[in-house]
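The values are calculated or read from the model by the stated rules, or taken from the named source; none is laboratory data. Note that the structure is predicted; figures quoted are calculated from it, not measured. Every residue, glycine among them, receives a Cβ derived from its backbone with ideal geometry; neighbour counts consider all protein chains shown. Quick note on the areas: whole protein, heavy atoms, side chains included, nothing else; ligands and nucleic acids left out. Shrake-Rupley method; radii C 1.70, N 1.55, O 1.52, S 1.80 Å.
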Amino acid sequence: MKELEYPFDSEFILKKKRSLRRELLKDTETARIKKKVAVLCGSTVNDICDVMRLFLLNTGIEPEFYISEYNKYWEDVMFDNPELEAFAPDIIYIHTSTRNIHEFPNVKMKEDEIDTLLDDTYAPFEQMWEKIAEKYQCPVIQNNFEQPFYRLLGNKDVSDVHGRLNFVCRLNDRFYEYARTHDNFYINDINYMASTYGIKKWADPFYWYMYKYALALPAIPEFAYNICNIIKSIYGKNKKALVLDLDNTLWGGIIGDDGAENIQIGQETPTAEIYSEFQEYLKAHKDLGILLNIDSKNDEDKALSGFERPDSVLKKDDFLVIKANWEPKDLNLVAIADEINIGTDSLVFVDDNPAERMIVKEQVPEVAVPDITKPEHYIEVLDQAGYFEVTNFSDDDLKRNSMYKANVQRKRQKAAFTDYTDYLRSLEMVAEIEPFNDTYMSRIAQLTNKTNQFNLTTRRCSMAEIEQISDDSQYITLYGKLTDKFGDNGVVAILFGHLDGSDFHIDLWLMSCRVLKRDLEFAMMDELVKKCREHGVATMYGYYYPTAKNGMVKDFYEVQQFEKISEDEEGNAVWKYEVPQDYEDRNKVIKLKGEE
């Protein structure tokens, strides 16, 4: 819904939140995942939750909320509230603020007394987080503390241990240290949000004393949007790629008219510096694993000459797919997604031309199309939109660009073969197929939340859930990591299921689209059969639950020689496989690690 895309009109959202919700719920075609969100609050959160619901629905997550009694966030956790236990949250959000700091230092205190006060203020939070990890084993989002809206000591308030601002900064550092050393714990940075919004406006005392809101009512949509960015990232709803125009987007001027020598880039003019900073911002996204692509109405040779300038931060090799031609940009976008082998809903299209943006919005509505205007605000719009919110970050993210580039090389090699099996053998593939381990736990959790096409049941798992499954002796788990002569694809396949006597039920089987049709599924099946034999399994059961995106694996179990034993009117199917004693490996083209 365009009204909920950044930059949005906060006043409009607050006024129309009920009608917006009704409109969103009318859309029954969009597949949404349902999640239970417990909000443990230190101040009023009703409007915050109402607006969060809108943003989450718009990103494909249908939330159910539990809201603690006012300012009972600590008691709800520590004293085992039956209502919260029955709710069984998928995620817990702790909404506290500087208003919930009960005692600040004063100028009469000695430094050791202030240190003790800091310890005493921090300790209940850590107790609460540890109890949540033990009892609920779900992700936790915790606000940090915004700056106090006044400074008793003036500028010295930030440096002197007696200052409130100094105390808040030290307390925040404790929170950050906990976040650095604990998985499934995320900071909602209200300190940054309050600073950018304006601390005087954010902390307007009127809203606290009138409604017990820890922030001004007009700031709620931006606040709620920021929390929802964290939640949608945890559940794999981030975008994956930027598709960028060139003229007046990556540089100033029209390269076809002005020539590469006259475009605005580098350090010679203020305008040139603006575009250089934007290129640096995009280059940093590439380092995060975001795929950069070009969609430009241009002659390719002229267009690419802009990257040959020594002062261009971005170079041709920084881009995965380049479409510099005179085709409609919406068609180029679809072609780019197809070539990368990702969905168009994973793309963010950045173009200074409002007419081109409008066409893309109409023709490919699932593509994110931020409204960028002045080049000095390009970074602000993209950054605040939160398309690529980082929650978990794995080694595979750092290598993603090289992995996708290697896939392009594989496609080119495939064209040289008439026999597909010969082509697969030419890749010299080696697979590492092992039970889940700590090294890849973050990537495994990430895959469960990102993979939609080759995903039999689309079960989504947090890191805590994956760790719990990995440690449970009643589960069989396997990950698949694939390399070939073009490079390392990383962990690209996972499956797990639970034992029930001599039966084994496959709860989740998925594979990244970047290794489709490479026979890794057969190598995984071979290893699964071996594991089942070790556990005395006689029968395997597989499940297929259809979604809008996983139709390609509807007959997956049939290919694996399972027998369909039931299917309901919605297409949910159960498959059965009797494990043979004389099973013959079906993988003929991939070597297992150690067998090279």
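Worth a mention:
- Whole-Å distance, taken between Cα centres, linking the stretch 19-74 and the stretch 470-511: 32
- The charge dipole of the chain, taken about its Cα centre with unit charges on the Cβ atoms of Lys, Arg (+1), Asp and Glu (-1) only, comes to about 680 debye.
- Within straight-line reach of Lys530, meaning a Cα separation under 19 Å, sit the following lysines at least 8 residues removed in sequence or on another chain: Lys481, Lys576, Lys588, Lys591, Lys593.
- Members of Lys239/Lys323; Lys36/Lys212; Lys17/Lys135; Lys323/Lys554; Lys17/Lys286 lying beyond 28 Å, as alpha-carbon distances in this model show: Lys17/Lys135; Lys323/Lys554; Lys17/Lys286
- In summary, the aspartates and glutamates within cross-link reach of Lys297, defined as a Cα separation below 18 angstrom excluding same-chain residues under 8 places away, comprise Asp245, Asp247, Asp257, Asp258, Glu327, Asp330, Asp351, Asp352, Glu356.
- Length released on extending from Arg18 to Lys135, taking residue separation times 0.36 nm less the Cα-Cα span: 38.7 nm
- Rounded to the nearest 500, the helix-only mean residue ellipticity at 222 nm of the chain stands at -12000 deg cm²/dmol, with each DSSP H run of n ≥ 4 adding -39,500 (n - 2.57).
- Size of charge dipole - the stretch 199-346 - debye, nearest 20, with Cβ of Lys, Arg +1 and Asp, Glu -1, no other charges: 1120
- Cα centroid separation, the stretch 538-596 to the stretch 221-284 (Å): 44
- The modelled label-to-label distance for the pair Asp503/Ser473, using points 7 Å beyond Cα in the direction of Cβ, is 2.2 nm.
- Of all accessible heavy-atom area on the chain, the percent that carbon and sulfur account for (1.4 Å): 47
- Axial C-alpha extent at least 30 Å, average Kyte-Doolittle at least -1.0 - helices from the chain (DSSP): 111-135
- Global geometry of the chain, whether rounded, prolate or oblate, following the gyration tensor of its Cα atoms and the 1.5 cut on a/c: oblate
- A 1.4 Å probe run over the protein chains yields, for the chain, 45 Å² of accessible area per residue, whole-number rounding.
- Paramagnetic label reach from Lys2 (point 7 Å along Cα→Cβ; backbone nitrogen cut-off under 16 Å): within the stretch 325-359, residues 349, 351, 353-359.
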